[in-house]
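Have a look at the structure below, then the notes.
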Amino acid sequence: MAIRKNDVFEMEITGMTAQGMGVGRAGELAVFTPLTAPGDRARVKIVKLQKNFAYGKLVDLLSPAPCRVEPDCPVFAQCGGCCYRHISYAAELKIKEDRVRDALTRIGGFPDLPLRPILGADSRNGYRNKALLPLGQKPDGTLSMGFYAVNSHRIVDCDRCLLQPPEFAAAMAAFRIWAVRYGDPVYDEAIHTGRMRRLYLRKAEKTGEIMACVVVNGNGLHHEQELADALRAAVPGISSVVINVHREKTNAALGKISRTVWGSDTIRDQLCGLTFRLSPLSFYQVNRTQAERLYTLAGEFAGLTGSELLLDLYCGAGTIGLSLAGKARRLLGVEIVTEAVENARQNALDNGIENAEFMAGDAAFAAEQLRAQGEKPDVVIVDPPRKGLTAPLIETIAQMAPRRVVYVSCDPATLARDLKQFAALGYPPVEAAPVDMFPGTAHVECAVWMSQIAD
C-alpha cells in the first residue's frame, strides 16, 4: 500500500515511543502520533514520512482509551513539555516501567533481570524546584514568557506551570508587572540585541527559600531595586534576587558571572540529611523528594559497610557520594565541570564530611589515572549524562575490579547497552529499579547494581 503525506488513516494506538508519542500502524508502517494513548482508536493524518516510519497528527479521537483523563493544563498541547497529562498517573507509570523492561530485554539481552516496581512520586504537580523561563515579545509588543515548544525556539506563553510550585507563578506575575513599567528591551537571539533573556527561579523544598535570577545580555538591568521590591512583596520565601550576566551568542541558558541585587548569594536546601548551598550555577536535581529516594536506592545497591573506598564518577556537586560518605571509609568523586567540583568540596566542608575528596577531570581519563596509580575502589557509582558511558571507561572500571558497580541512568536505552558490555567483562546486572523523577514527562530514571561475585 502506497502511503503519502496528508493521507488519513484510522488506527489503534498500541504503544508509546520513548518520547511519549502513541504508536499505531498504517498498513505495515509504524506511525508515531503525539497526544494519543495506548487503547485509543483514532483517525491520524500523516504529516512526515521516513523510510521505515511516519509521524502523524491526531485528527479525530474515535474511541478514547480507558486511561485517558482531561488535561488540566491550558497549554498542554502547545508546550509539549508534559506528554502524559492526558492519561492517568497509573498508566504513565506502567508505560515508563514497560519502557525500562523493554530496553533491558531487547537491547541489553536481560529478559530475566529482576526489576522492582517503578517508584512513583507522591504528586505529579509542584515538584520542579527550578525553572528557566525564556523571554520574548508577542506581536502586540507585550512580554512573552513561558517555555519553548518541542523542537523549536518558539515561546509558548504561560502564566503558571503545574509542575512548578505556586510561588513561581507569583514571581512570574510580579515580573510581568515590573516589566510593563520598568523593563528593558527583550533579547532577540537572531540579532543579539535587547537585554532581558530569561527569568530563572529556584526553590529549596525543605527550607522554602527561593531565588529569582534574571539572565541579562549586559551587566545589569535598569530599576533592579524596583524589581527586588516587587518580588519581595509578591513571593513568600524569597531570599535572593540575582542578575546573571550572559553576553554570549549561544543557546546556553546561563552566563558564568552572577551578581546579587538583594539578599543572599545562595539558597540552602536539605537532601538525605545534608545541607546544600545552591547558587544560580549549582547543579541540583529538580525533583528533590524523588532524588532523595533515588539516592537511598543507590545506597542500598552499593551495599556499603564502612570499610570501602567509594568512587563516584560524574559526581556533579557531590550529592550522591556525599549522601553515602558516612557509610564508606573514603569517598573519591570525579567531575569534568570545575564549578561543580568546587561546589562538591564546599558541600563536604559545610556538612563536616572529612573523608571526601573531589577531583576535576573527564571521567574516563580520571578513572584510567586512578587505576594506573593503584587505586582499587570497592564500589563504583556512575551517574552519566543521557549518552551513557564510553566503552573504554567501562573497561577501565572492570579492570579496577570493584566488588560492586551501581549505575544510575536517565536513559534506559544507553543503560541497557552499557550493561551488556559490563556483563561481557564479568559484571552482570543483579537487580534494577526504575524511579519516576519527572512525572508528566517522558523521562524515567533507573538504578542498577552489578557484581563480579554475587553477594
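Laboratory data are not the source of any read-out in this text; all were calculated from the coordinates shown. Fair warning: this is a prediction, and the values are worked out from it, not measured in the lab. Glycine also receives a Cβ, built like all others from the backbone with ideal geometry; neighbour counts cover every protein chain displayed.
Here are the numbers for this structure:
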| read-out | value |
| --- | --- |
| Protection proxy ranking of 386-398, 363-375 - average other beta-carbon atoms within 10 Å, highest first | 386-398, 363-375 |
| Listed residue pairs exceeding 18 Å between alpha carbons, taken from LYS57/LYS387; LYS130/LYS203; LYS96/LYS130; LYS5/LYS51; LYS203/LYS387; LYS327/LYS420 | LYS57/LYS387; LYS96/LYS130; LYS203/LYS387; LYS327/LYS420 |
| 15 Å Cα-Cα reach of LYS94 towards aspartates and glutamates, excluding residues that sit fewer than 8 places from it in its own chain | ASP102, ASP436, GLU445 |
| C-alpha center-to-center spacing [segment 380-455, segment 44-95] in angstrom | 30 Å |
| Helix-derived mean residue ellipticity, 222 nm - over the chain, DSSP H n ≥ 4, -39500 (n - 2.57), to 500 | -8000 deg cm²/dmol |
| Backbone HN-Hα couplings from phi across segment 186-200 [Karplus 6.51/-1.76/1.60, Hz, Gly and Pro as x] | 6, 5, 10, 5, 6, 10, 6, 10, x, 10, 7, 9, 8, 9, 10 |
| Alpha-carbon centroid distance for the pair segment 128-159 / segment 247-269, whole angstrom | 19 Å |
| Beta bridges by DSSP in the chain, antiparallel share as percent, to the nearest 5 | 65 percent |
| Prolate/oblate/rounded call for the chain, Cα gyration tensor, a/c under 1.5 rounded | oblate |
